[in-house]
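Some notes on the structure that comes next.
The values are calculated or read from the model by the stated rules, or taken from the named source; none is laboratory data. Worth saying up front: this structure is predicted, and the values here are computed from it rather than measured. Neighbour counts run over all protein chains shown; Cβ positions are idealised from the backbone, glycine included. Calculation scope for accessible area: heavy atoms of the full protein, side chains included, ligands and nucleic acids excluded. Shrake-Rupley method; radii C 1.70, N 1.55, O 1.52, S 1.80 Å.
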Amino acid sequence: MGEVVKVNSSPSTLQPEIKPTPPVISPPPFQHHSPSLTRSPLLDTIPKSPFVGRIMTPLASPMKKAFSTMQGYLEEVGHLTRLNPQEAWLPITESRNGNAYYAAFHTLSSGIGVQALVLPLAFAYLGGWSWGIISLSLAFVWQLYTLWLLIQLHESVAGTRYSRYLQLSMAAFGEKKGKLLVLFPTMYLSGGTCVTLIMIGGETMKILFYQIACGTQSCNINPLTTVEWYLVFTCSAVVLAQLPNLNSIAGVSLIGAITAIAYCTIIWVVSVVKGRPMGISYGPPPLEVNSDVARLCTALNGLGIIAFAFRGHNLVLEIQGTMPSSVKHPSRLPMWKGVKFSYLIIAMCLFPLAIGGYWAYGSLIPTNGGMQTALYKYHRNDTLKVILGLTSLLVVINCLTSFQIYAMPVFDNLESRYTANMNKPCPRWLRTGFRVFFGSLAFFISVALPFLPSLAGLIGGIALPVTAAYPCFMWMMIKKPAKYSGMWCLNLVLGCLGMVLSVMLVFGAAWSIVALGIEAHFFKPQSLYRDIWPMSMSPRIH
């Protein structure tokens, strides 16, 4: 097949004529990592001439080269991906070799975190077992359904993959309205979560290294302040954030998922085994303002905490954007497989944590830190120091790993502005500068606004449309189901209900803050565990 035999006038002489080697066709730089270079599903459907591949004619080689040059273009159409060099320059879509395992790792890392430790407090705010379990179950099913909608919408338009939540919103609602509705909540979720992780991770580092690891009686070193521990955590997170793209942190997300599952399980198991403290009750927590409005706003605050526990929808399209896709192998199949597995694990963590935590502590659950604070407060004397230290270490590692996946959309947004203006990839030094800048900004906010963890209900209310409402409306705008059909009615009802709940949650959380008050210490971060570890145990607890 690789040579043509030339027949001379002398029948006894056959001289092989070597076919010249065709020139190597190099793809553009942005296609070097494209799945089209390894798989061509559409070429299998092109009818082949019976002469091509059987008889080498002078036309065979040009035809073969023509098919080869068409392969990249046809494959990109088959992948429903429009050729855009900027996509290959940005952290989220720089690498498209993800799979169902990577999707499960990222989804677990973003779906389980320290926000789940406050779920028993939501049960207390909602008034007991019944409403707590019903609300948690409905929220779980609701957000799983909207996850499915987002996964289906990722490649809903031929020629385009919506690899970012903002892109899908702009396609559904228009450029201006899409940015107005989505840009602030998604960036607020990413940035606000990173700020909260700095606070909790820094505080837990302090507990791990001074109150648990060595104890103030045996350690003669001068302990760091809370601000200094925030700085230690931020520097560690920024160093880890130098990994280039979303696919490169798959191993980091795996570690984060394992640590989250481990410390959630340890905390609720120890809390249940050790028994309930004295004076426990299962009614709503005592309120300074005993009125119907106060009870309603407290219940809404509990719903906001549940909504905040199910954050992570602003990362689903980004995770799916790291996968290859073709007509035969669309990315929605491995993505949905990874999401189903990860949310099975999430349910096995969140439900025992919420139910077991509420059984163990009832209305005594602390408002700051939730189950982690309760474990230190009620069981630090009858629990092995090794268990307390292991729990704290797992929380620190999980905060460091979760910081990476929630900061990635911010990194991507910063670099997209540079690449759009300069029309070239972001240099390594500038990429590092962007990430150091974001870490410094998050550290500044954590020091300036140390009361942000107390606003879990408010944050959940603001972020609720991203999880519960916008995916339903985007499905209606893009897919355009038949009016009054089942999908049309379901998405309309869920979308409107999500928006109403969001407004009510924000109102309830704001009313609770105004009526009941909040400890707002600007630029004076205080330890979340100041009521657990007396001042005499640490001379510089602040």
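Can you tell me which residues in segment 357-375 are out of contact with any Gly (no Cβ under 7 Å at 6 or more places or on another chain) and under 12 Å from LEU117 (Cβ atoms)?
GLY357, TYR361, PRO366, THR367, ASN368, GLY369, GLY370, GLN372, THR373, ALA374, LEU375 - these are the residues of segment 357-375 that are out of contact with any Gly (no Cβ under 7 Å at 6 or more places or on another chain) and under 12 Å from LEU117 (Cβ atoms).
Return the residues of segment 349-389 that are open to solvent by less than 20 Å² (accessible area, probe 1.4 Å) and among the hydrophobic types (A, V, I, L, M, F, W, C); say none if nothing qualifies.
Hits for segment 349-389 are CYS349, LEU350, LEU353, ALA354, ALA360, ILE365, MET371, ALA374, LEU375, LEU388.
Pick from segment 487-509 the residues that are open to solvent by less than 40 Å² (accessible area, probe 1.4 Å) and modelled with pLDDT under 85: which of them is nearest to the chain's Cα centre (by Cα)?
LEU505
Is there a residue in segment 460-480 that is open to solvent by 20 Å² or more (accessible area, probe 1.4 Å), under 30 Å from THR265 (Cα atoms) and not in a helix (DSSP H, G or I)?
no
For a quick check of your reading of the model, give me the residue pairs whose first member lies in segment 257-277 and is touching a residue at least 60 places away in the same chain (Cβ under 8 Å), whose second is in a loop (DSSP other than H, G, I, E, B), with beta-carbon atoms closer than 8 Å and at least 6 apart or on different chains.
From residues that are touching a residue at least 60 places away in the same chain (Cβ under 8 Å), the pairs are ALA257/ILE112; ALA260/ILE112; ALA260/GLY113; ILE261/ILE112; CYS264/ILE112; VAL270/THR383; LYS274/ASP382; LYS274/THR383.
Within segment 277-295, how many residues are within 34 Å of the chain's Cα centre (by Cα) and at pLDDT 80 or above?
Residues in segment 277-295 being within 34 Å of the chain's Cα centre (by Cα) and at pLDDT 80 or above: 1 in total.
Scanning for something open to solvent by less than 20 Å² (accessible area, probe 1.4 Å) and of a type in the set (D, E, K, R), does segment 422-434 turn up at least one residue?
Checking segment 422-434: not a single residue is open to solvent by less than 20 Å² (accessible area, probe 1.4 Å) and of a type in the set (D, E, K, R).
Would you say THR298 is modelled with pLDDT under 85 and either exposed (fewer than 14 other Cβ atoms within 10 Å of the Cβ) or among the hydroxyl-bearing types (Ser, Thr, Tyr) (or both)?
Criteria met by THR298.
Restricting attention to helices (runs of 4 or more DSSP H) lying wholly within segment 57-154, give those where 1 or more residues are modelled with pLDDT of 80 or more and surrounded by 18 or more Cβ atoms within 10 Å (Cβ to Cβ).
It comes to 100-111, 119-126, 129-153.
Just wondering, is there one or more residues in segment 155-169 that are modelled with pLDDT of 90 or more, open to solvent by 20 Å² or more (accessible area, probe 1.4 Å) and assigned to a helix (DSSP H, G or I)?
yes
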